[in-house]
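Notes follow the structure.
The values are calculated or read from the model by the stated rules, or taken from the named source; none is laboratory data. Worth saying up front: this structure is predicted, and the values here are computed from it rather than measured. Cβ placement follows ideal geometry from the backbone for every residue including glycine, while neighbour counts extend to all protein chains displayed. Ligands, DNA and RNA are excluded from the accessible area calculation, which covers all protein heavy atoms including side chains. Shrake-Rupley method; radii C 1.70, N 1.55, O 1.52, S 1.80 Å.
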Amino acid sequence: MTSRTPAPASFIPLKPARFHILLALADGARHGFSIREVVEARTEGAVKLWPATLYGAVRDMSDEGLVEALEGEEDPDDDQRRRYYRLTSLGREVLRAEADRLQSLVDAARGSAALGRT
Amino acid sequence: MSHASRGPEGPPRRGAGDGLPASVGWVVAAYAALGRFLPGDFRSRFLDDAVRDLRDTLRAGHARRGWPGVVTAGTAALADMMRRIPVEWWKALRGTGENRGRSGHPGTGEWMMTLWNDLRIAARALARRPAYAMAALVTLALGIGATVAIFTVVNDVVIRSLPYPDADRVVVIEHHAPGLSLPNLENSAGTLNLYWKRADFLQSLAAYDQQQRNLLGGPHPDRVEVVAVTPQLFQVLGAHPSVGRAFTADDAAQGAAPVGILTHAAWVTRFGADPGVVGRTVQVDDATTEIVGVMPEGFAFPDPDAALLTPLYVDPNGTFGTFGTAAVARLAPGVTLEQAQARIQQLQSGISEMFPDITPDFLKQAGWGATVERLQDKVVGAKIASALWIVLATVGFVLLIACANVANLFLVRAESRQKELALRAAMGAGRGHIASGFLGEALLLGGVGGALGLLLAWGGIHLLVSNGPAALPRLHEISVDGTSLLFAGLVSLVSSLALGAIPLVRYSGVRLASILRDGGRASTDGRERHRTRSVLVTAQLALALVLLVGSGLMLRSFDRLRSVDPGFDPHDVLTVGMSLGDGVENTEAAAFYQRVADEVAALPGVQKVGLSSAIPVGGGNHNGGSFYIDDKPRDESQLPPVAMYKAVGADYLAALRLPLLEGRDLTRTDWNGGEPVALVNKAFEDQFLDGKAVGRGVRWDTAGAFARVVGVVGNVREQGLQEDVRPWAYLPMVEAGWAYPHLSRMYLFIRSDPGTAPPVTAIRDIVGRLNASVPLTTVRTMDQVMARSMAETSFTMVLLAIATGVALFLGAVGLFGVISYVVSQRTREIGVRAALGARREDIRRMVFRESAGVAVAGVALGLVAAYGLTRLMGAVLFDVSATDPVSFVAAPVLLVAVTVTATWLPARRASRVDPMEALRAE
């Protein structure tokens, strides 16, 4: 079943923009603007995904099978017909793998004597 | 005061679609335009979403921080897009992987890559010569910016349809009766009923009436513009309430319960855009009025100041006589404006059938007629339209001058590269290759210059709109939008192609051998190219001269207008309008106004306070009509005399320093039970009373007593400085009860010691103490009123002067560049001359001769062109002939002065050439 899917590890490490987008989609499908808002809120404005970059990354990740567009499903309250994106199972695995990698980095940093946290 | 709300922070204006602030609309439009450069696949999948996201982001930014927020976020987003475009093309061209065949169109791609390469090479070449690049860019930006800005104004004001469906089928119907000296009459109940019954060439017809009314309920009582309309208005305009309902025939019946429809602006400012506003009430003068609907945003009929629509009752049995109601109509399908005009003229014979006392003879004598005019033409006005076209033509000239300048720079550069080019050609580089090099540079200059120009235009338009010149109609509709963007792109492209083409044409017959042989020194070719440059500069100077003459004519018009004697002394007079509304009986109203005037007169620094029902020179609608003279019975076969009148209070003449020529001024005892009296102006006396007015009796109403003329005053240009003096009468406000049954509004004229106008708050306090529900309306100095009367002329003059200044500057720079270049090319020759004993003056004279030739040719050509072109300005000139000798003499003198200045530096440099240095350099 997984024989044709690339291994999640081959995507690691993720570029920060990609990581933030995947993370924003972790709790459900969102449209582009909502991804931007979630990322901006989560990073307290430090990461701003301007539309061209955002959709460039979304296109790349959808070509690579990490995210997919929900064709035809629209928020009935949203009359603007925005396209929604969600994680594929591969995308979820990649996100988890990247989070693990970051976690181990953080652990390493915390454990390091240089930070004086022993 | 009302203009303050039009600044960048004001209520949303027309943006790219659904009511965005203009700054947002502009950035979004630029972003979308830029996005067109993305590869097709990416563009079709994501551009719409990206644009929508940006719009939402910017809107949020605008809500938080106003337009600075929009600029910051917009710049970041545009930069992001610019970074992304090459990345996406790279990906599209090389394919992002073996299984992704969706990417791009290779044909476009390759072409794009070649262009990209050319541009990169050009950018490097330009970066090596920053002074040249800057000069070219600034020049192009000025030319393109001015053209785009004025094009935007012309497009939004004159060309673009009013914001109604099929707006060019919406017409205004008016009447005129030159025989009665009534050039412009609107409609009466009689004509309206006639058209409603018989005008089958109209799909629908609506009447409306603009009034100022007091709107109560807020912190201050407010004077707002209320438009009474018949229910057909919504069909005529094709505009319907976005909330609630339109008016029905029942709403407009006599005695119906008062209802109203808010405009979008009033809904937002007064009711916080409350969607539940339908059913609430407002107090309009004395009537409790129920809100039944809200008009959509962008509805600005008849102008953007309208706050409330109310139903208008038109008496189905109304008389022919009272003309004060405006009419708009929509033409029936298939009917042209010309047909409608012909048909309405035929219909006028119906007047005598419906109203037997209006005989065909009377109509004939009066020169009676009706006109059908497009609403848009009426709103914009022929005069301002022609002024705008003139200004657009002017900046078109400036653009030509700018292009000529850059072309000159281009030629100079091409010349310095001629050896290299000849070498390349000799080594087999095709002409296409060399051409694309030039073209790349021209495109880069045009593109960047265009972008800078667009920024200039954007800034200029903002400046224009926030200053709100009174002369400009549809001001609220002006913004830099997609059309401006397209126009800017087009202008930049055409300029680039023209620039790129010039060296190509020059080099089409390049004699390679001769260039390679003599190393590009002075040769026949060199002289020919020098001639091309001289021709370009001559053309620039000629164009600049045309503009100089044009602005000279405007300046003279403005000067003439300023020296028109208004008939009174406008300095140190403040005018303040106040409004009691319609409910108060005349005697009581007059007493109130006079009391306010007397209390204001007691304020420190105030000399005299007058009262009147209209502002002199203010334009607008005035009251008037046919009148009777006691000792001169009317000849019924002749047309009756017609004159205008206004109601005045005590001290009117003193406050305005209006000269009393004969008889006496009005006194307060005049309206304490004496015989009715009146003042008339000199024109009135001369035209109707055979030069002897004092003691005669006049009356405007059919019954009632004659008012005795007690004095004759000087002529005042009541209707505006550019209008003729007309016969006027001044009636004491108490007595004018037949004409002003309710003195709903009066103006104070407060003359104070120079520089000590009383504060408006003090006046507001006085009015508020006497009657808290009376709002102040207009607050203006009479000097401002005068300036407004000259606004159209001064507006045109200022724009022309700016354009001319730029043109003159560019022309001077062009001449300076060419002469400098000639001097530098002839350094060796000058050196030889100096070595042979030529004096400094001789050399200086030689250089001046060079520029004199160009200047004289430019002046001659320019004078001929100006003579042909300035006659198109007739409509905007005042009291100045289009061939005014002063302008035609002063302009060449100024131009020659500028050319001498521009030649001075190069001439000085030439005269200081050291012969040894010059010869050694070879």
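Among the residues of segment B:69-81, which ones are away from every other protein chain (no Cβ under 11 Å) and either open to solvent by 10 Å² or more (accessible area, probe 1.4 Å) or over 17 Å from residue A:37 (Cβ atoms) (or both)? Matches in segment B:69-81: B:70, B:71. The residues in segment B:457-491 that are under 10 Å from residue B:446 (Cβ atoms) and either of a type in the set (A, V, I, L, M) or open to solvent by less than 10 Å² (accessible area, probe 1.4 Å) (or both) can be counted, and the count is 1. Do we have residue A:96 as over 30 Å from residue B:74 (Cβ atoms), at pLDDT below 90 and away from chain B (no Cβ under 14 Å) here? In short, no. Within segment B:363-381, the residues that satisfy the criterion of being surrounded by fewer than 22 Cβ atoms within 10 Å (Cβ to Cβ), assigned to a helix (DSSP H, G or I) and touching a helix residue (DSSP H, G or I) at 6+ places or on another chain (Cβ under 7 Å) are B:363, B:365, B:366, B:380.
Filtered by the rule that a residue be over 40 Å from the mean Cα position of the chain (by Cα) and surrounded by 15 or more Cβ atoms within 10 Å (Cβ to Cβ), segment B:867-918 gives B:906, B:907, B:909, B:910, B:911, B:913, B:915, B:918. When B:705, B:729 are checked against the criterion of being at pLDDT 90 or above, hydrophobic (A, V, I, L, M, F, W, C) and closer than 25 Å to residue B:666 by Cβ, B:729 stands alone in meeting it.
When segment A:1-32 is limited to residues that are of a type in the set (A, V, I, L, M, F, W, C), in a helix (DSSP H, G or I) and modelled with pLDDT of 90 or more, the one that is surrounded by the most Cβ atoms within 10 Å (Cβ to Cβ) turns out to be A:21. The sole residue among B:61, B:35, B:25, B:66 that is surrounded by 17 or more Cβ atoms within 10 Å (Cβ to Cβ) and more than 12 Å from every other protein chain (Cβ to nearest Cβ) is B:25. For segment B:311-330, taking the residues that are of a type in the set (Val, Ile, Thr) and over 23 Å from residue B:376 (Cβ atoms), the one that is least open to solvent (accessible area, probe 1.4 Å) is identified as B:314.
Checking the structure you have, find out if any residue of segment B:814-835 is at pLDDT 80 or above, closer than 16 Å to residue B:895 by Cα and either part of a helix (DSSP H, G or I) or not polar (S, T, N, Q) (or both). Looking for residues that are at pLDDT 80 or above, closer than 16 Å to residue B:895 by Cα and either part of a helix (DSSP H, G or I) or not polar (S, T, N, Q) (or both), one finds at least one in segment B:814-835, hence yes. Residues in segment B:663-712 that are touching a residue at least 60 places away in the same chain (Cβ under 8 Å) and aliphatic (A, V, I, L, M): B:666, B:689, B:698.
For segment A:35-59, the set of residues classified as surrounded by 15 or more Cβ atoms within 10 Å (Cβ to Cβ) and either away from chain B (no Cβ under 14 Å) or free of Cβ contacts under 8 Å to residues at least 24 places away in the same chain (or both) consists of A:36, A:37, A:38, A:39, A:40, A:48, A:50, A:51, A:52, A:55, A:56, A:59, listed by residue number. For the structure I just gave you, tell me whether residue B:126 is open to solvent by 30 Å² or more (accessible area, probe 1.4 Å), at pLDDT 75 or above, more than 9 Å from chain A (Cβ to nearest Cβ) and more than 19 Å from residue B:35 (Cβ to Cβ). For residue B:126, the condition - open to solvent by 30 Å² or more (accessible area, probe 1.4 Å), at pLDDT 75 or above, more than 9 Å from chain A (Cβ to nearest Cβ) and more than 19 Å from residue B:35 (Cβ to Cβ) - is not met.
Condition check: surrounded by fewer than 18 Cβ atoms within 10 Å (Cβ to Cβ) and within 21 Å of residue B:213 (Cβ to Cβ). Does residue B:250 satisfy that? Spelling it out, it is not the case that residue B:250 is surrounded by fewer than 18 Cβ atoms within 10 Å (Cβ to Cβ) and within 21 Å of residue B:213 (Cβ to Cβ). Kindly establish whether residue B:53 is within 12 Å of chain A (Cβ to nearest Cβ), at pLDDT below 80 and either open to solvent by less than 20 Å² (accessible area, probe 1.4 Å) or closer than 27 Å to residue B:466 by Cβ (or both). No. Checked against (1) assigned to a helix (DSSP H, G or I); (2) more than 37 Å from the chain's Cα centre (by Cα), residue B:650 passes all but condition (1).
Pairs linking a residue in segment B:257-276 that is closer than 17 Å to residue B:223 by Cα and modelled with pLDDT under 90 to a residue that is of a type outside the set (Phe, Trp, Tyr) and in a helix (DSSP H, G or I), with Cβ atoms under 9 Å and 6 or more positions apart or on different chains, are B:265/B:5; B:269/B:5.
In this entry, residue B:875 is excluded by the filter for residues that are among the small types (Gly, Ala, Ser) and modelled with pLDDT of 85 or more. Each residue in segment B:141-172 was checked for being at pLDDT 85 or above, of a type in the set (S, T, N, Q) and surrounded by fewer than 22 Cβ atoms within 10 Å (Cβ to Cβ), and 1 pass. Among the residues making up segment B:752-782, those that are part of a helix (DSSP H, G or I) and either surrounded by 14 or more Cβ atoms within 10 Å (Cβ to Cβ) or out of contact with any strand residue (DSSP E or B) (no Cβ under 8 Å at 6 or more places or on another chain) (or both) are B:761, B:762, B:763, B:764, B:765, B:766, B:767, B:768, B:769, B:770, B:782. Determine whether residue B:351 is open to solvent by less than 30 Å² (accessible area, probe 1.4 Å) and modelled with pLDDT of 85 or more. The answer is yes for residue B:351.
Residue B:9 passes every criterion in (1) modelled with pLDDT under 75; (2) more than 30 Å from residue B:223 (Cβ to Cβ) apart from (2).
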